[in-house]
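Heads up: the structure comes next, in structure tokens.
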Amino acid sequence: MRNITVAVDEETHRLARIRAAELDTSVSALVRGYLRGLARDHQPTTGGETVSESATERRQRLLSEATEDITGNGGGLRVAANAPRESLHDRSALR
């Protein structure tokens, strides 16, 4: 894995750290995900045109991105992500 140094202003850094904390990840992971998406979306050919991905390649890419997202967020098994027990059994909310 290669390291990249990026310079950003203080406000951008602060907001990125807050957003990363909200997503329970790191700023580095956010940047890594962005760069992966950028690299996948632009695949130049020798003629300067971009190659469009097939339906199968698109499904594989989307599945891979979803899997990375689930894995990066702890598998969706965090206690804080669950609804409280009382709200699950509140019959008046269903009417």
Search the stretch 21-43 for residues being surrounded by fewer than 11 Cβ atoms within 10 Å (Cβ to Cβ) and under 24 Å from residue 11 (Cα atoms), and hand back the single one that is modelled with the highest pLDDT.
22
Might you let me know whether the stretch 67-74 holds any residue that is small (Gly, Ala, Ser) and either over 30 Å from residue 8 (Cα atoms) or modelled with pLDDT of 75 or more (or both)?
no
Matching residues in the stretch 5-35 - criterion: being in contact (Cβ under 8 Å) with a residue 24 or more places away in the chain and more than 20 Å from residue 72 (Cα to Cα):
6
Find the residue count for the stretch 44-62, including only residues that are farther than 20 Å from residue 23 by Cβ, surrounded by 10 or more Cβ atoms within 10 Å (Cβ to Cβ) and modelled with pLDDT of 70 or more.
5
Return yes when residue 14 is modelled with pLDDT of 80 or more and within 16 Å of the chain's Cα centre (by Cα) and no when it is not.
no
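The values are calculated or read from the model by the stated rules, or taken from the named source; none is laboratory data. Treat the numbers as computed from the prediction; the structure is a model and nothing was measured. Every residue, glycine among them, receives a Cβ derived from its backbone with ideal geometry; neighbour counts consider all protein chains shown.
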